[in-house]
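Quick notes on the structure that follows.
The values are calculated or read from the model by the stated rules, or taken from the named source; none is laboratory data. Note that the structure is predicted; figures quoted are calculated from it, not measured. With ideal geometry, Cβ positions are generated from the backbone for all residues, glycine too; neighbour counts draw on all protein chains shown. Areas reflect the complete protein model, heavy atoms only, side chains present, ligands, DNA and RNA absent. Shrake-Rupley method; radii C 1.70, N 1.55, O 1.52, S 1.80 Å.
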Amino acid sequence: MIPLLIFPVISFSVILYLFLILFGNNFLIWILAFVFTVPFNIFLLKENFKDLRKIKFQTSLLIFLLIIAFYIFAKAVVLLPLVLTIKQDNFEHVQITDVGDYYKHIFVTFAISGDGIPSQNPYYPAVKLSYYYGYYLVPAFFVKIFQIQPNFATYFFGLFITGLSLLIILTIIYRELTSFSYRLLAFLLIIFGSGIDVFAYLLIKINIFKQQLIQVITQGNETGIQLINFYKSVLFVPQHFFAAVITVAAIYYLVKIKNNPVFLGFCFAFVFSSSTVVFPTLAIWIILVFLFFKDLRILIFKSCALGFVLVVPYILTLHDRTKTIYLYNFTPYDFSGIFLVDTLISFVICYGPILLLILPLFLMSGIRFNAFYFLIIFVPVFLTWFIRSPLFNDFSLRTMIPVAIALPLFFIKILDSTKIKYVKILIVFISLITIAVGIGGFSFEYLSHFKNRQILNPRDSEVLLKIRKLPNEKLAAIDRERWVEFIPSIGFKKVLTPHLFDSYNYIAGNDGYKHSEYENLALKIFIDENSAPDLLTLINTQNENLNTLGKFFNLQDFDKLILNNQVWLKNDKNPWIEMFKTMNVSNKRLTGDFTLFDGKDLKQKLSENKIYVNEKPEIVEIRDRKVPMKKGIWFIASCKESGELKLGFEDYYDLFNTNSNRCTGRIFYLDQDEDVVVTESSTISEIYIFPVIIEKII
């Protein structure tokens, strides 16, 4: 039964990435991969189809199916903003969920559906997007073939995988336990039993626990072990969660069923291509099975050999990615002090009574000691002492998901073998309390995310929905606001941008250097305030930046540049809009707040015009917090020998804010003559106003 649940999904994923890598990204290739998968599944699973006849429906099964349905429903409701817009005041608003990883899931699905493997980075299409492709290939297939929107494909595939994973876990439970009570107890412990960390969270909120001792809750320390409970992994990291379920199922099938190396090889390949942080746990478990089960060594060799052959083409797509091992820093932790205390607290918080009781329960059960099953649980735990990832420990956060699934099953299996009646009653009672707390934590977690959903502001909603309808042209943007970040995941378009947002971790090596040049130029020209030791150097530096405009826009190819008409959300106007319009760059209104410039014409006009700052400023003294200014494009600067150098305009935005002992300036556009009001927090008494000149090159 297990292969029937698993193999159709994972085999199609593996076959699809092989076809795309070996034969290229072609619509026909996607179809052929599916056509090949169907008879391959029928042939490989023909013996397993006989198992369907042996299935006898039991009324008690309805309870489990209702629990699974509830789980899917809860996830569906929390993530509903991914697929629904909402109308307010006759305007269509995009909804936003605070489960932010899903926007990454959407843009990865979108990228694969357009480019195949390897995909282009949706924020910097000149380089590859190096990520876990395996999980996303199936939803990408529906986007590619049936033209389903990437958000819908990601949303419904995530719900499908949740239900499928729970059925796989339930199948293993039914095979291992015969009592309905123990089956239900095991199932509930797996899906809710690691949720007692809600207590720690609430205690931190009321300042009973010190945050630095519980980094699993705060994620504020770079050296701590991080853990994630079952229902959070279902919600936040479906690719790692599904890989963890496949890991547990594959090892169970290897040890208990002991056949079908093709099925196992595909499982190993899928886990590797879907989660390089879950795969180490799978590798450790395979090694343990190899050491403890001599009769399985040939089967393991065949399965691993096939799995390796299947992933070689995938590995080759990552050969130039230096961050392939970015998450693995082999630095052992100190087995003493606060880290040891923190680790113990972290594990108890996540796994609670199960972790504390499993060893004494085993000793009382009278079962002959089997080191294999204890090593299965504790070796991955031990591994997290020696391997960590930067920032919070994302490695242990994902690596331990298979353990969170296997531990409760071992626990109930031992409980079922215990002969002492009062011990059974006590353990069942403790387990029920653990489940009750976990259900409370589950409710708290999911309700919090449901309540934290947001409505994207009308300006950003309008432009993103408008971008969806644009033809498939190469877009570019220079802003680093949310509307740019959401273009691939909500607007369903790639966008060339200096800011990679959540895809920064998936670009490295030579590709990283290429983008760094592009990003640094953008920051100097468009984003950062300009500073220098003196006023003359400041003007020269600003003119050097303006002279690189042509170079910047010629670094990468694009068809249309999207610019926000405002720098901020007050009365200001974007000076670059005015500059490009002054040069008569071809443009059109995208929305009332955004303008679309023709990329080819922009590059041409930049080659025909010179933009520079005139070196003769008007020196204006600030009186009564007012600065008299004329309409035009200006470079506004100020100098101060010491202290904070800050200038902001009341109805516009802060132009600069620095503590350096130097001169600072920024380009500003005013669309009418006005006495501009300076903010109260400004720290300067006079400013230099330089005109920005645009003239034809003769």
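For the range 523-653, what mean projected area does the convex hull of the alpha carbons give, in nm²? Walk me through the numbers before you get to the answer.
Details: hull surface 37.0 nm².
Here the figure is 9.3 nm², rounded to one decimal.
Set the Förster radius R0 to 56 Å, insert the Cβ-Cβ distance between PHE293 and LYS451 as r into 1/(1 + (r/R0)^6), and round the FRET efficiency to 0.05.
Rounded to the nearest 0.05, the efficiency is 0.70.
Kindly point out, ordered by number, any Cys in the chain whose beta-carbon has no other cysteine beta-carbon under 4.7 Å away.
CYS267, CYS304, CYS350
Quick check for me: using +1 on Lys/Arg Cβ and -1 on Asp/Glu Cβ, what's the dipole size of the chain about its Cα centre, in debye to the nearest 20?
For the chain, the charge dipole is close to 3320 debye.
Just to confirm the number: angle between the C-alpha axis of helix 421-451 and the first principal axis of the chain, 0 to 90 degrees, nearest 10?
20 degrees
Working from Cα positions, state the angle (0 to 90°, nearest 10) between the long axis of helix 261-274 and the longest principal axis of the chain.
In the chain, helix 261-274 runs at an angle near 30 degrees to the longest axis.
If one takes the longest principal axis of the Cα atoms in the chain, at what angle in degrees, from 0 to 90 and to the nearest 10, does the Cα axis of helix 509-522 lie?
30 degrees
How far is the Cα center of the range 67-146 from the Cα center of the range 622-662, in Å?
Between the Cα centres of the range 67-146 and the range 622-662 lies a distance of 43 Å.
Taking K and R as +1 and D and E as -1, what net charge do the other residues with C-beta under 9 Å from the C-beta of ASP559 add up to?
0
Which whole-number percent gives the relative contact order of the range 93-134, counting Cα pairs below 8 Å spaced six or more residues apart?
The value is 23 percent.
For a quick check of understanding: with a 1.4 angstrom probe and all protein chains in place, what accessible area in square angstrom does THR582 have, to the nearest ten?
70 Å²
Quick check for you: with a 1.4 Å probe and neighbouring chains kept, what is the accessible area per residue of the range 652-691, in Å²?
41 Å²
Return the carbon/sulfur percentage of the accessible area of the range 397-468, one whole number, probe 1.4 Å, all protein chains in place.
Answer for the range 397-468: carbon and sulfur cover 66 percent of the accessible area.
Return a whole-number percent for the relative contact order of the range 554-643, with Cα pairs under 8 Å and 6 or more residues apart as the contact set.
Reported relative contact order: 26 percent.
Tell me which residues come under 5 Å, amide H to amide H, from ILE455 once H is placed; ignore anything under 5 positions away on its chain.
Answer set, sorted by chain and number: ILE96.
Amide H to amide H under 5 Å from VAL676: which residues, 5+ apart in sequence or cross-chain, H placed 1.01 Å off N in plane?
VAL627, MET629
Using only C-alpha atoms and all pairs of different ones, pull out the Kirkwood radius for the range 260-309 in Å with one decimal. Walk me through the numbers before you get to the answer.
Values: mean 1/r = 0.0925 Å⁻¹.
That comes to 10.8 Å for the range 260-309.
Go through LYS573/LYS696; LYS104/LYS514; LYS493/LYS551; LYS469/LYS588 and tell me which ones have a Cα-Cα distance over 18 Å in this structure.
Checking Cα-Cα distances, LYS573/LYS696; LYS104/LYS514; LYS493/LYS551 exceed 18 Å.
Specify whether the C-alpha gyration tensor of the range 1-125 places it in the rounded, prolate or oblate class, a ≥ b ≥ c being the square roots of the eigenvalues: rounded for a/c under 1.5, otherwise prolate if a/b is larger than b/c and oblate if not.
Working: a/c = 3.06, a/b = 1.14, b/c = 2.68.
Oblate, because a/c is 1.5 or more while a/b does not exceed b/c.
Hey, what do the phi angles of the range 585-600 turn into as Karplus ³J(HN,Hα) couplings, whole Hz, using 6.51/-1.76/1.60 and θ = phi - 60°, x for Gly and Pro?
5, 4, 8, 8, 6, 7, 9, x, 10, 9, 10, 10, 9, 6, x, 5
Under 12 Å Cα-Cα from LYS258, which aspartates and glutamates qualify once same-chain neighbours fewer than 8 residues away are excluded?
ASP295
Starting from the Cα-Cα distance between GLU621 and GLN672, subtract it from 0.36 nm times their residue separation and give me the gain in nm to one decimal.
Here the answer is 16.4 nm.
Taking only protein heavy atoms and a 1.4 Å probe, what accessible area per residue, in Å², does the range 1-133 have with all protein chains in place?
Heavy-atom SASA per residue in the range 1-133 reads 45 Å².
If packing is taken as the average number of other Cβ atoms within 10 Å across a peptide's residues, how do 352-362, 601-611 rank, most packed first?
By packing density, highest mean first, the sequence is 352-362, 601-611.
Please identify every one of the trypsin sites (Lys or Arg not before Pro) in the range 544-587 that sits in a loop by DSSP and has no more than 15 other beta carbons within 10 Å of its own beta carbon.
LYS570
Checking a compactness column here: for the chain, what do you get for Rg(Cα) / (2.2 N^0.38 Å), N being the number of residues?
It is 1.12.
Amide H neighbours of ASN609 under 5 Å, at least 5 residues apart or on other chains, H built in the peptide plane: list them.
Answer set, sorted by chain and number: ILE697.
Obtain the nm distance between the two label points defined at LEU84 and PHE23 by a simple spin-label model: each point lies 7 Å from its Cα along the Cα-to-C-beta direction.
Going from the LEU84 label point to the PHE23 one covers 4.1 nm.
May I ask for the net charge around PHE241, where only other residues with Cβ less than 13 Å from the Cβ of PHE241 are counted and Lys, Arg are +1 while Asp, Glu are -1?
For residues surrounding PHE241, the net value is +2.
Where Rh is the Kirkwood radius over the Cα pairs of the range 48-112, the temperature 4 °C and the viscosity 1.567 mPa s, what D in µm²/s does Stokes-Einstein return?
Rounded to a whole number, D works out at 83 µm²/s.
Where Lys and Arg each count +1 and Asp and Glu each count -1, what net charge lies around THR154 among other residues with Cβ under 15 Å from its Cβ?
+1
What whole-number distance in Å separates the alpha-carbon centres of the range 410-438 and the range 571-603?
Each part reduced to its Cα centre gives a spacing of 68 Å.
Assign unit charges at the C-beta atoms only (+1 for Lys and Arg, -1 for Asp and Glu), then state the dipole size of the range 483-637 relative to its Cα centre in Debye, rounded to the nearest 20.
640 debye
Compute the relative contact order of the chain as a whole-number percentage, counting only Cα pairs closer than 8 Å that sit 6 or more residues apart in sequence. Write down the numbers at each step before the final one.
On the way: 1135 pairs, mean separation 99.0, N = 698.
Reported as a whole number, the value is 14 percent.
Using unit Cβ charges (K, R positive; D, E negative) and no other charged atoms, how large, in debye to the nearest 20, is the dipole of the range 84-149 about its Cα centre? Present the calculation step by step, with values, prior to reporting the outcome.
On the way: 4 positive and 5 negative charges, 51 e Å.
Here the range 84-149 has a charge dipole of around 240 debye.
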